[in-house]
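The values are calculated or read from the model by the stated rules, or taken from the named source; none is laboratory data. Values in this document were obtained by computation on a predicted structure and should not be read as measured data. Here Cβ is always computed from backbone atoms with ideal geometry, including for glycine, and neighbour counts include all displayed protein chains.
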């Protein structure tokens, strides 16, 4: 991991976004050459025959703050649903839902439920919801928490949206502010589930998307719910010992068909989109080789991409479409633990837009896999030209 670290001074970390999303800097790396422009100029830099792929996940207000009668403050960070395990169903639950959570100040919460009053509706007609949290069990480094509320005719999603706080990254070293609820969200976010934003998309505006459409560039959405594990550094000298976190993704039959029909470059907006696209390739081959046991959701483990014999991209996508047809699926649900490390061969993504990532992170590892040792050139250029780093920072367009 020594060759995948760099010195990131604290003052280079963007604590807040710029006033205008598209006014950030855009570093351009193209086959060894590095330059930069402003992000709003991106549409003019794109050829019309590419396919742009976006992650339309929506960040949920995942941080819940409780206060015990003793005055101790307890934070519950909702990671992913447990019962029901399906995201949409979990957000639509009434009365009760069980989630896998992290707990801040856990030592102060020995037993018993925590309670919170949540006001819903217009101030003149506000309803008070009694919201309770109870520990069920410990699940490795997290806890299973049962949430219950009364009256129970409102959904868990409504409660979370009202009572929760934006889960901004820990390296910002500040509390979430009201503005983060909007700025830490892409303008095209649609499907609730992420606890971290797909930050490459934060720079796009509605006007820029309209420009891209007018240029005749095709674009499509898929969904990967970004987990808190994205911030976990690779602390081991051997990346093979790093337990890659699992993330849930959803791809429509229409999107798969568009990927199959496209004959040019594919540009992934963000590392999360890249991870899904590359996972799809290996999952199709896994189905061809009868390595998929028929489980649902379809699953790719951490190192399977390095064990499955490579094959045709077209046949891989056609196999996924057959799988969907045979199972009567319009939306394919999947879980990926794919870990992309240097020397990985990209099978679907030719271009990528991404922000600047933490030293020693799996995201930086993915960038190093994409452009090789030139990642150092890119990051040295960014530091020398006062680029802003991490989630609220500037962006890059990478073309190997």
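Checking each residue in region 45-74 for being surrounded by fewer than 13 Cβ atoms within 10 Å (Cβ to Cβ) and in a strand (DSSP E or B) picks out 67, 73. For region 302-324, the criterion of being in the same structural domain as residue 43 (by TED's automatic domain parsing), within 19 Å of the chain's Cα centre (by Cα) and crowded, with 16+ Cβ neighbours inside 10 Å is met by at least one residue.
Considering only residues that are part of a loop (DSSP other than H, G, I, E, B) and in contact with a strand residue (DSSP E or B) (Cβ under 7 Å, 6 or more places away or on another chain), look in region 20-44 and name the one that is nearest to residue 170 (Cα to Cα).
Going through the qualifying residues, I end up with 24.
For residue 226, indicate whether it is within 17 Å of residue 198 (Cβ to Cβ), in a loop (DSSP other than H, G, I, E, B) and at pLDDT 95 or above.
Details: within 17 Å of residue 198 (Cβ to Cβ): yes; in a loop (DSSP other than H, G, I, E, B): yes; at pLDDT 95 or above: yes.
It is true that residue 226 is within 17 Å of residue 198 (Cβ to Cβ), in a loop (DSSP other than H, G, I, E, B) and at pLDDT 95 or above.
Considering only region 99-111, state which residues are over 17 Å from residue 154 (Cβ atoms) and touching a strand residue (DSSP E or B) at 6+ places or on another chain (Cβ under 6 Å).
Kept after step one, since they are over 17 Å from residue 154 (Cβ atoms), are these residues of region 99-111: 100-111.
Scanning region 99-111 gives 100, 101, 102, 103, 104, 105, 109.
Among the criteria (1) under 22 Å from the mean Cα position of the chain (by Cα); (2) assigned to a helix (DSSP H, G or I); (3) more than 24 Å from residue 250 (Cβ to Cβ), the one residue 124 does not fulfil is (1). Restricting attention to region 155-172, the residues that are buried (at least 20 other Cβ atoms within 10 Å of the Cβ), assigned to a helix (DSSP H, G or I) and touching a helix residue (DSSP H, G or I) at 6+ places or on another chain (Cβ under 8 Å) add up to 2. In this entry, residue 262 passes the filter for residues that are in contact (Cβ under 8 Å) with a residue 60 or more places away in the chain and either over 15 Å from the mean Cα position of the chain (by Cα) or over 20 Å from residue 349 (Cα atoms) (or both).
Only one of the listed residues (391, 395) is under 17 Å from residue 34 (Cα atoms), touching a residue at least 12 places away in the same chain (Cβ under 8 Å) and surrounded by 18 or more Cβ atoms within 10 Å (Cβ to Cβ). That residue is 395. Looking at region 207-214, is at least one residue in contact with a helix residue (DSSP H, G or I) (Cβ under 8 Å, 6 or more places away or on another chain) and outside any helix (DSSP H, G or I)? Among the residues of region 207-214, not one is in contact with a helix residue (DSSP H, G or I) (Cβ under 8 Å, 6 or more places away or on another chain) and outside any helix (DSSP H, G or I), which makes the answer no.
Mind listing whichever residues of region 138-154 are buried (at least 17 other Cβ atoms within 10 Å of the Cβ) and under 22 Å from the mean Cα position of the chain (by Cα)? Answer for region 138-154, where residues must be buried (at least 17 other Cβ atoms within 10 Å of the Cβ) and under 22 Å from the mean Cα position of the chain (by Cα): 142, 143.
When region 229-274 is filtered for residues that are assigned to a helix (DSSP H, G or I), surrounded by fewer than 18 Cβ atoms within 10 Å (Cβ to Cβ) and at pLDDT below 95, the ones remaining, listed by number, are 229, 239, 240, 241.
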